[in-house]
Amino acid sequence: GLGDVYKRQLDPTIKYGKLENGLTYYIRENQTPKDKVNIKLLINTGSIMEEDRQQGLAHLLEHMAFNGSENFPKRKIDEYLASIGLNLGSDYNASAGHLTTNYRFTVPTKNPEHVETVIQIISDISHKLTLEPEAFERERKIVEEEYRTDIGGDKRYYDELSKFTFKNSRLLNRKPIGDINVIKNFKYKDAISYYKKWYQPERMGLFIIGEIQSEEIKDLIQKYFGGFKNKEKTTDPDYKVPD
């Protein structure tokens, strides 16, 4: 498979592995930057996977990730990350595109407990978000505002160009920012069903690079992601651009 091709070409200093549930991980011990570890959860899902009534919800879900989970209710994720000196935007952030969604964190390594807790937070984001009504309403307003400020010269140019580059492809009507009418009116269940369907471990990769011990990190990945089961077999929609 493709995974094996990548594995053969990997730098030997990268520890590559796969859990039973299909989640892959890449760990590299690295001394630069000093006393830090970069952790990224990459999920093979984005706006291409949305149904018509979900346009923009892959992006909105990425906003929801910091609004409460099983082990970190309400605003506890942000509160915890702030308590260990992390700033939203520079030290942790998230983004959603056509085909991928990612969550990235830069964590000081002086206290191993902090690194473990961030891995637990990422595990919660991957399958234990609480997705509560008041959080949906808060993020709906924020994404509406983002949608409005996204309109400008560059945006118009990109939209015109897309009509040619993505002609007759699903890419054309699945922009990550979505459809303003969906954002204003979506039902919570449509966002929740996207999360349950596409956030599957076999679609996930964890990248952990920094001043860490590979074996310890492998144990933490097993501890926090090992029990995460794939709920259904998913197939990417066809988004090929015709000749």
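The values are calculated or read from the model by the stated rules, or taken from the named source; none is laboratory data. Given the structure is predicted, the values throughout are model-derived calculations rather than measurements. Virtual Cβ from ideal backbone geometry, glycine too; neighbours counted across all protein chains shown. When the accessible area is computed, the model is the full protein with side chains, heavy atoms only, and any ligands, DNA or RNA have been set aside. Shrake-Rupley method; radii C 1.70, N 1.55, O 1.52, S 1.80 Å.
One-quarter of the Cα convex hull surface for the chain, in nm²? Don't jump to the answer; show the numbers that get you there.
Numbers: hull surface 57.4 nm².
So the mean shadow area of the Cα hull is 14.4 nm².
Could you check what % of the DSSP bridge pairs in segment 8-113 are antiparallel, to the nearest 5? Please list the in-between numbers first.
Details: 18 of 19 bridges.
Percentage antiparallel, nearest 5: 95.
Over the chain, average the accessible area per residue using a 1.4 Å probe and give it in Å², no decimals.
On the way: 12870 Å² over 243 residues.
Counting only protein heavy atoms, the per-residue value for the chain is 53 Å².
Charges only on Cβ, +1 for Lys and Arg, -1 for Asp and Glu: so what's the dipole of the chain about the Cα centre, in debye to the nearest 20? Present the calculation step by step, with values, prior to reporting the outcome.
Numbers: 38 positive and 38 negative charges, 83 e Å.
With Lys and Arg at +1 and Asp and Glu at -1, about 400 debye.
Treat each spin label as a single point 7 Å out from the Cα along the C-beta direction, and report the residue 235 to residue 71 distance in nm.
Spacing of the two 7 Å Cα→Cβ label points: 3.6 nm.
Over 26 Å apart: what share of the alpha carbon pairs of segment 40-171 falls there, rounded to a whole percent?
On the way: 2567 of 8646 pairs.
Across segment 40-171, Cα pairs with separations above 26 Å total 30 percent.
Please work out the C-alpha center-to-center distance from segment 20-50 to segment 168-222 and express it in whole Å.
After rounding, the separation between the Cα centres reads 12 Å.
Mind listing which GluC sites (Glu not before Pro) in segment 179-243 are in a DSSP loop and have 16 or fewer other Cβ atoms within 10 Å? Spell out each step's value before the answer.
Values: sites: 202, 211, 215, 216, 232; in loops: 211, 232.
Taking segment 179-243 and a limit of 16 other Cβ atoms within 10 Å, the loop GluC sites (Glu not before Pro) found are 232.
With the full set of protein chains in place, find how many percent of the accessible area of segment 45-147 is carbon and sulfur; take the probe as 1.4 Å.
Working: 1950 of 4030 Å².
Exposed carbon and sulfur together represent 48 percent of the surface.
Among the trypsin sites (Lys or Arg not before Pro) in segment 166-243, which ones are in a DSSP loop with at most 14 other Cβ atoms within 10 Å of the Cβ? Mind listing them? Please list the in-between numbers first.
Working: sites: 167, 170, 174, 184, 187, 189, 196, 197, 203, 218, 223, 229, 231, 233, 240; in loops: 167, 174, 187, 229, 231, 233, 240.
Loop-located and lightly packed - 167, 187, 229, 231, 233, 240.
Report, ordered by chain and residue number, the lysines lying within cross-link reach of residue 231, taken as a straight Cα distance under 21 Å and ignoring same-chain residues fewer than 8 apart.
18, 128, 189, 196, 197, 223
Rounded to two decimals, what ratio of Rg to Rh does segment 157-222 give with C-alpha atoms and a Kirkwood Rh? List each step's numbers first, then the result.
Values: Rg = 19.0 Å, Rh = 16.1 Å.
My calculation puts Rg/Rh at 1.18.
Please compute, over every Cα-Cα pair in segment 20-117, the percentage with a separation greater than 21 angstrom.
Working: 2056 of 4753 pairs.
Counting every Cα pair in segment 20-117, those more than 21 Å apart make up 43 percent.
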